[in-house]
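Each remark here refers to the structure printed beneath this line.
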Amino acid sequence: MASGGDGSGAQAHWGRGQVPDALIATHAGVWVAREGGPPSGVSRREAIARAGDTPHLMINAPVTASRLGYPELSGLDLLELFAFVHPARFAVPTPRGLAEALGIDGPGGDADTAFLVRAARALLGTLVDPGWTARRGAHGVFAGLARHRWPWAGLVRPLLKAPETPERSLFTALPRWEEGAPREAPRPVTLDASAVQARLASIMGDRAEPRPGQRDYAAAVTQAFQPRTAPGRPQVVLAEAGTGIGKTLGYLAPAISWAEAAGGAVWLSTYTRALQRQLDAEAARVVPGMASLPATPAGAETRRVVVRKGRENYLCLLNLEDAVQGGFQNRAAHFAQLVARWAEYSRDGDMVGGDLPGWLPRLFGRTSFAGLTDRRGECIYAACPHYRTCFIEKATRASAQADLVIANHALVMINAVRGRTEGQSLSRIVFDEGHHLFDAADNAFSVALTGREAVELKNWLLGPPTAKTGRRRGLAARLADITSYDDAAAELVERIASAARALPSDAWLARAGGGEPEGPIETLLAAVRAQLLTHAAARDVDAAYGLETEIADPLPSLVDAGAAASAALGKLSGPMAALAAHLEAALDDPPDWLDTSGRARVEGAANGLKLRCELLAAWGGLLARLGGPADPVFVDWLAIPRVDGRDYDIGLHRHWLDPMLPFARGVLAPAQGVLITSATLRGRGGDDNWEEADALTGARHLPAPARHFAVESPFDYAGRARVLIVTDVRKGDVSGLAQAFRALIEAAGGGTLGLFTAIARLRAVHARIADPLARAGLPLYAQHVDPIDTGTLVDIFRAEPKASLIGTDALRDGVDVPGESLRLVVMEGVPWARPTVLHSARRAAAPSAQGYDDRVVMGRLAQAFGRLIRRADDRGHFVLIGAAAPSRLQAAFPAGTPVDRVTLAQAVAIIAGLPQGAVPCHDDDPGSIEPDSIGDAE
């Protein structure tokens, strides 16, 4: 590996007197070193003063800044240099993770500032290594970075030589896609279950241990790939496979067999990005030729496996071009240049969960990719100069020809419903993580008329107010060449533009909140806010999450505002629907002046208009509720959501009381076959109780019953896991909760996943225990505290066996950390659902209110426990801190798992493997630890 050397090329340029100072800040202390010398412990104040005078070497500047309490910190961040030298390469953003990625010796401890110098020399030395595989394009990107005063520019410039011949820019160097013939419809085939089992055996290999449960599972789910017997009667299989069965390969075997025999595509749908990555890796590993290869020029081998996501996940090359040509400034410009560097080496341009390092945006203070992805429906399709190299277009075309398409539940639902309106359907679908289908459908088929949604619609129609001259945003700009030839289209575009001005614009939230709204929609939002402030105070809600109330007994001002808003939206939807129909007619009988590029723009505009007409119709139905009776199939309410106590939106919301009704009608019924699988599909009412699973997957709404199959986990939960319910920590006692978490983490020696139901408690506990744990050599990371994205937090947790991680729902459902890195799961309380309007309505409609609440809680407990044992040789403890946890909830855990109610002291002794009563004691009370005391030894 080029970067694994001693950095001798950099050494000649970088003598001892030129070595920058180094800075390390953790919860255990702060250390600095001058010019490669030995480290010395300093206070936060002194470290900040030194870093302000001269740039220091560091790893992950935002995290270092967080430890110092100095957000303005900047310097020579090794992660930025790594992203430049090794674009699209994975690295855990810690000293040990960076050492592993570079192939050099890791740090000797928290205070090893010499490691920062070694890592910098290794990275800089790569620049002069003849074997550097990422040299292409580096000089051009560096020139852009240097123009914007990149901190590393002075050290990189003498080492990075200009190419002997001029290189093509990124925008001309990327491979181009070519249009292909439409794919033929899948052939009807019947799969033999024994042949599928034989295919599974060949995938597993001769040396694989026998797995009877996996073989039975593969045979059972093959039914989902058989031809259906009548229209509207898909082959639906609900299959529960306990952890360790190997269900991924179990359904890949029939999926691959069917795709090859029928010539069709199987859509594999997941709820989490982690499982998407696992599915992609499994396909690449077990079946030759099935790897999802990078996009290739025309004539190359067709990709048989494609990861497909929504447009907002992919880099938009036109937005990137704007950014690197002056649209971004200062640190944002550095980010844009490093994204351009990554784009040339990226597999598919996926910025969210793809091969762009998840930590990269955070280095520049960015929590999203706004400005670089297509988030506002602004795409101009064939009019874009990068249309033929577009990552989004490549993914769309590749999925049309693939055997396996790996997507997420939301995208599959949207595509299935849209395909049905076009006379097509997704033929075969596998929904993994099927226990999340209800929530995914709940979101996919919901409606929200909010200020943010209305602004997004206005920006799509008129273009964002900040759009630069020449950038073709907005409907009129996208269709300018069409309307110059078509007077009818031009008139409709003008009517749309006039009506769209009634939608909210920038600063609408301040105007609505200040009582000075502009236009009928802002007036509606102000009336919604007034209604909430009048009625929501009577509800027992946590105002930190926002305010909400049912749409019941609306104030007259709200009813009047709703009528005016409905009329304004009607004036907009009419010409939009007329323009969509006009454009479709032009596509059916194209005039002479409509060329290929114009057709693409017309088709894109027509599809966009139709989708937004559907949205306006849904908004109209929601507004009709303000002055009329309730519809029993919907739950409607008003809400002001909040983040950190601040309002960030206002609006009306509508969800289906049972979202599986539209899911069954729009997704299941049109399909030929559907497999819904998970480790936790069934209810806990008995081994043969599938009633709950049928309800939560939509199967009960089909004319023919689904087939059911279940196979238990082969893991020895009774011998390798233990559930401890701690009974002596008072609810609401944050100091006692912090003491419990500290004691449990120390007893386990780290390797702890902590799950919280409230962000405020998470932050309070972290502030009390992070310092003492770090001083004990047990680093603690926290979602909603550390400036690190959730995926990277999990990567760090997985890579450091002594580390612990605390967080909320995303960690309960999306963490797969087998082995020693996770040996203890702690839940800070029984995860009861918050009493929202939606939850209350569904609870009231359930046969048993308690049974409904218990089902929700037991599902969460089962998923949390499922993080603990991921392999046959894993072992560990699951701790629930809940003195009043009902015994009936213990059914959430696998049969045979020991469950004991214990005191905190007993739990600590059990986890530490100590005799009962021999409990470690702390001289200091975590409640008295000041979170700002790191390194303050003055």
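The values are calculated or read from the model by the stated rules, or taken from the named source; none is laboratory data. The structure displayed is predicted, hence computed values, not measured ones. Heads up, the Cβs are rebuilt from the backbone with ideal geometry, glycines too, and the neighbour counts pull from every protein chain shown.
Things to note:
- Contacts under 8 angstrom Cβ, first residue in region 156-183 being within 30 Å of P20 (Cα to Cα) and without any contact (Cβ under 8 Å) to a residue 60 or more places away in the chain, partner loosely packed, with under 14 Cβ neighbours inside 10 Å and among the hydrophobic types (A, V, I, L, M, F, W, C), 6 or more apart: none
- Criterion: touching an Asp or Glu at 6+ places or on another chain (Cβ under 6 Å) and not small (G, A, S) - qualifying residue of R720, R700, R742: R700
- Condition check for A568: out of contact with any strand residue (DSSP E or B) (no Cβ under 8 Å at 6 or more places or on another chain) and without any contact (Cβ under 8 Å) to a residue 40 or more places away in the chain: no
- None of G574, G562, G570, G604 is under 23 Å from A454 (Cα atoms) and over 36 Å from the mean Cα position of the chain (by Cα) except G574.
- Considering residues of region 19-77 that are of a type in the set (D, E) and at pLDDT below 90 only, the residue farthest from A114 (Cα to Cα): E72
- Subset of region 394-407 that is surrounded by 23 or more Cβ atoms within 10 Å (Cβ to Cβ) and not hydrophobic (A, V, I, L, M, F, W, C) - its residue that is farthest from G354 (Cα to Cα): D403
- Qualifying residue in region 640-657 (condition: acidic (D, E), under 14 Å from G451 (Cβ atoms), touching a helix residue (DSSP H, G or I) at 6+ places or on another chain (Cβ under 9 Å) and assigned to a strand (DSSP E or B)): yes
- A383 being among the hydrophobic types (A, V, I, L, M, F, W, C), touching a helix residue (DSSP H, G or I) at 6+ places or on another chain (Cβ under 6 Å), at pLDDT 85 or above and not assigned by TED's automatic domain parsing to the domain that holds R855: no
- Counting the residues of region 658-677 that are touching a Pro at 6+ places or on another chain (Cβ under 8 Å) and part of a helix (DSSP H, G or I) gives 1.
- Taken over region 354-375, the criterion of being part of a loop (DSSP other than H, G, I, E, B) and at pLDDT 80 or above is satisfied by G354, D355, L356, P357, G358, W359, L360, G365, G371, L372, D374.
- Qualifying residue in region 412-429 (condition: within 24 Å of the chain's Cα centre (by Cα), in a strand (DSSP E or B) and touching a residue at least 60 places away in the same chain (Cβ under 8 Å)): yes
- Scope region 835-849; condition in contact (Cβ under 8 Å) with a residue 24 or more places away in the chain and either under 13 Å from D809 (Cα atoms) or in a helix (DSSP H, G or I) (or both); matching residues: V837, L838, A841, R842, A845
- Region 54-74 - residue that is in a loop (DSSP other than H, G, I, E, B) and among the β-branched types (V, I, T) and, of those, surrounded by the most Cβ atoms within 10 Å (Cβ to Cβ): I59
- Here A488 qualifies as surrounded by fewer than 16 Cβ atoms within 10 Å (Cβ to Cβ) and part of a helix (DSSP H, G or I).
- Picking from residues in region 699-715 that are out of contact with any helix residue (DSSP H, G or I) (no Cβ under 8 Å at 6 or more places or on another chain) and surrounded by 15 or more Cβ atoms within 10 Å (Cβ to Cβ), the one that is nearest to A912 (Cα to Cα) is F715.
- Residue identified as of a type in the set (G, A, S) and buried (at least 22 other Cβ atoms within 10 Å of the Cβ) among G791, G754, G829: G754
- Residues in region 498-529 that are surrounded by fewer than 17 Cβ atoms within 10 Å (Cβ to Cβ), assigned to a helix (DSSP H, G or I) and at pLDDT 90 or above: S498, A510.
- The strands (runs of 3 or more DSSP E) located wholly in region 728-814 that include 1 or more residues which are in contact (Cβ under 8 Å) with a residue 60 or more places away in the chain and within 19 Å of the chain's Cα centre (by Cα) occupy 752-755, 804-807.
- The one condition in (1) surrounded by fewer than 19 Cβ atoms within 10 Å (Cβ to Cβ); (2) in the same structural domain as A61 (by TED's automatic domain parsing) that W152 fails to fulfil: (1)
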